[in-house]
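J.: Right, I'll just put the structure down here and ask away after.
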Amino acid sequence: MIVKILKELFRFIFIIGIQVLFLNHIQWNGYVNPYVYVLFVLLLPVEIPNLILLLIALLTGLTIDMFGNSGGIHAAATVFMAFLRPGVLKLIAPRDGYETEARLSPQVMGFTWFLSYLFIMVFIHHLLYFYLEVFRLSEFFITFFKSFINSLITITIIVLGEYLFGQSKGNERFIK
Amino acid sequence: MRNLFLLLWKYNFFILFLLLETFCGYLIFQNNNFHRSSFVNSTNALSTRINSFVNNITDYIDLRSTNEALSRENAALKMLLPDVFYIDSALQKINKDTVLKQQYSFIAAKVINNTINRRNNYLTLDKGLLLGVKPEMGVICGEGIVGIVKDVSDHYCSVMSFLHKDSRITARMKKNNFIGSLVWDGYDETHASLKDIAKHVVVIKGDTIITSSYSSIFPEGVMLGIVDEVSSSGGNNFQDIRIKLSTSFGKLSYVYIVNNLLKDEQRALEEPLKNDR
């Protein structure tokens, strides 16, 4: 149990580090700002209690907010995404349900499953985040476009990362 | 009562969700409110340390262009020195301090964190409360305006960049003194739009826009940008003017915090009039 929690903690620092040290500093074109840190909440174990899931999501969002001066926008979007997670997992569950302690990775769950899971969750998160950031309806379509493009970029980075770090045995602990 | 608790327990997931979202909403509201400092900001010890670490690396890469900008600014300032003027009259007028009362002082600061790609952008500077930085001071650089100080800690302050949905700066056309307001429409960090210039005013590409004397935050006459495109759409009385900003927000590394020494006096005088508007 302790080992598991330590592993998650390590994963938390690793993913938040990537977001804060590299991805927050991409200054290209004014449109590109992917939020890959959602991966931490997405890949938490399936059997995690719902209430703890929400609290972890709040903590993750607030940490990112602390670095970006965004008030509580990341926290709000991440908590909402975490709230939908049990429902979405149930919706796209494989026929036999989830194995106990199943890793939510493309290698275990299959590429199509992983991609649809990512797309639903990341798009919901980005949509809410970008609309909260703009907070006015006059920029409705440009915001929608922004959240769509950034979702695609986030998903691409996550999938590439999964195949880079997730496959070999030695690096398994990085991205569970 | 027991049934109530049972009900609460049955929907505990949903209720906790609502509680947390309310909390987040409160944080967002507080962050939007300019006159109250926000809880979650980048002036705390951990995030400033990490941000300055990243900045130390990126600063090194930009060193060449930063040096060029600073030496350009030096050259411009050198031209203002008394030494460069040839005095062709025997009569000299000396201004005593009783005539010229100092209104602005400047604090030089280093940018340790800066974004340009969000809808609402912020900077973090390495000067804070201990050096006299207070909220609502203006921030400018050699090329033009940068933003307004928002939160202050002992050694750092966070600045609401001009690239923000709530920023609105009173601007003046240099050639004919018409007043408009400059807002950022969120598309591009090099351009902004100038509102409230009526259709009868002649505006052509290349006109200079500077800050007006109406603001108690920025000194008068700081460069804002030049007119890039003028068009007019039907339905209202104003022109659509796109401004090319003079500040290159992507490359900021040294800025000045503006301290208006007479601001409190002006504010105190204007405060009773606010209710009349």
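J.: For B:SER232, what residues show an amide H to amide H distance below 5 Å, using hydrogens built from the backbone and excluding near sequence neighbours?
T.: Answer set, sorted by chain and number: B:ASP240.
J.: Another question, if that's okay. Assuming R0 = 22 Å, can you tell me the calculated FRET efficiency for the pair A:PHE165 and A:LEU21, based on Cβ-Cβ distance, to the nearest 0.05?
T.: Given R0 = 22 Å and the Cβ-Cβ separation, E is 0.85.
J.: Ordered by packing density, taken as the mean number of other Cβ atoms within 10 Å over each peptide's residues, highest first, how do B:217-226, A:10-19, A:87-96 rank?
T.: Descending mean neighbour count gives B:217-226, A:10-19, A:87-96.
J.: I would also like to ask the following. Shielding by partners for B:201-212, please: the mean number of other protein chain Cβ atoms within 10 Å of each residue's Cβ.
T.: Mean shielding by partner chains, rounded to a whole number: 0.
J.: Helix-only estimate, please: 222 nm mean residue ellipticity of chain B, summing -39500 (n - 2.57) across DSSP H runs of length 4 or more and dividing by its residues, to the nearest 500.
T.: -8500 deg cm²/dmol
J.: Now a separate question. Peptide A:132-143: average number of partner chain Cβ atoms within 10 Å per residue?
T.: Per-residue shielding by partner chains comes out at 3.
J.: Counting only C-alpha contacts under 8 Å and six or more residues apart, can you give the relative contact order of the stretch B:180-277 as a whole percent?
T.: Relative contact order here is 26 percent.
J.: Further, regarding this structure: With n ≥ 4 as the cut-off for DSSP H runs, can you work out [θ] at 222 nm for chain A, using -39500 (n - 2.57) per run divided by the number of residues, rounded to the nearest 500?
T.: -22000 deg cm²/dmol
J.: What FRET efficiency do you get for B:SER71 and B:SER181 if R0 is 30 Å and r is their Cβ-Cβ distance, rounded to the nearest 0.05?
T.: 0.35
J.: Can you list the aspartates and glutamates whose alpha carbon is less than 12 Å from that of B:LYS150, not counting same-chain residues fewer than 8 positions off?
T.: B:GLU136
J.: Which entries of B:LYS175/B:LYS244; B:LYS174/B:LYS195; B:LYS195/B:LYS244; A:LYS146/B:LYS244 have Cα-Cα distances beyond 20 Å here?
T.: A:LYS146/B:LYS244
J.: Which whole-Hz ³J(HN,Hα) couplings does the stretch A:115-129 yield from phi under the Karplus relation 6.51 cos²θ - 1.76 cosθ + 1.60, θ = phi - 60°, glycine and proline marked x?
T.: These are the phi-based 3J(HN,Hα) values: 5, 5, 4, 4, 4, 4, 5, 5, 5, 4, 4, 5, 4, 5, 4 Hz.
J.: Take peptide B:154-167, look around each residue's Cβ out to 10 angstrom, count Cβ atoms belonging to other protein chains, and average those counts.
T.: Across the residues of B:154-167, the mean count of other-chain Cβ atoms within 10 Å is 1.
J.: For chain A, what is the charge dipole size about the Cα centre, in debye to the nearest 20, if Lys and Arg each add +1 at the Cβ and Asp and Glu each add -1 at the Cβ?
T.: Using Cβ point charges on Lys, Arg, Asp and Glu, chain A gives about 160 debye.
Here, each number is a calculation from the coordinates, and none is a lab measurement. This is a predicted model, so every value here is computed, not measured. Positions of Cβ are backbone-derived with ideal geometry, glycine not excepted, and every protein chain shown enters the neighbour counts.
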